Amino acid sequence: LFNKAIELDKKNDKSGALALLKSCIDLNPNDADAHGAIANILADMRIYETSFIAFSQALKLLPNDPYITRNFCIALIEAGYLYNGLLKAIDLYQVFPMLGDIRILFEKNFEQALKHKILDEKQILELKEKWNSLN
């Protein structure tokens, strides 16, 4: 079912993929991969709040999974929760510094936040401190 769902997602049949992934979870509620895939599909569909629930469930089952956490960061940033997404990126980079795209993700989005004055001064200082402590 999972592989079929991924194939449907690749063919842009999001609703079919979601239905199969929900079947996977019905069979095994602890299937972190299925929860993560649901979260990714919902984020692709811009149904962010529901995707955050699925990301949280996946991370409850697989704490600190680098790929689920990375995708959660991206979804948070895309949904406009830039500060939370950047904090999560820092936490992930601290555990998995070899994930170079996390560094790029953080730096690019932090730069945009500064340029467009999206974050307040306190948030900027906290993010700078945390990020600089890792580098």
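The values are calculated or read from the model by the stated rules, or taken from the named source; none is laboratory data. Just so it is clear, the model here is predicted, and its values are computed rather than measured. Backbone-built Cβ (ideal geometry, glycine too); neighbour counts: all protein chains shown. With ligands, DNA and RNA removed, areas are computed over all heavy atoms of the protein, side chains included. Shrake-Rupley method; radii C 1.70, N 1.55, O 1.52, S 1.80 Å.
Quick notes
- Filter result for A32 (under 22 Å from K4 (Cβ atoms) and open to solvent by less than 40 Å² (accessible area, probe 1.4 Å)): yes
- Filter result for N40 (out of contact with any Pro (no Cβ under 9 Å at 6 or more places or on another chain) and either open to solvent by less than 80 Å² (accessible area, probe 1.4 Å) or of a type in the set (D, E, K, R) (or both)): yes
- Screening A34 against (1) more than 22 Å from L127 (Cα to Cα); (2) in contact (Cβ under 8 Å) with a residue 12 or more places away in the chain; (3) over 15 Å from the mean Cα position of the chain (by Cα) leaves a single unmet condition, (3).
The rows are residues; the columns are (1) without any contact (Cβ under 8 Å) to a residue 12 or more places away in the chain; (2) open to solvent by less than 70 Å² (accessible area, probe 1.4 Å); (3) more than 22 Å from R46 (Cα to Cα).
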site: N64; (1), (2), (3): no, no, yes
site: A79; (1), (2), (3): no, yes, no
site: L92; (1), (2), (3): no, yes, yes
site: N109; (1), (2), (3): no, yes, no
site: D120; (1), (2), (3): yes, no, yes
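- Looking only at residues of the stretch 7-24 that are under 20 Å from the mean Cα position of the chain (by Cα) and surrounded by 17 or more Cβ atoms within 10 Å (Cβ to Cβ), we find that the one that is nearest to L61 (Cα to Cα) is L21.
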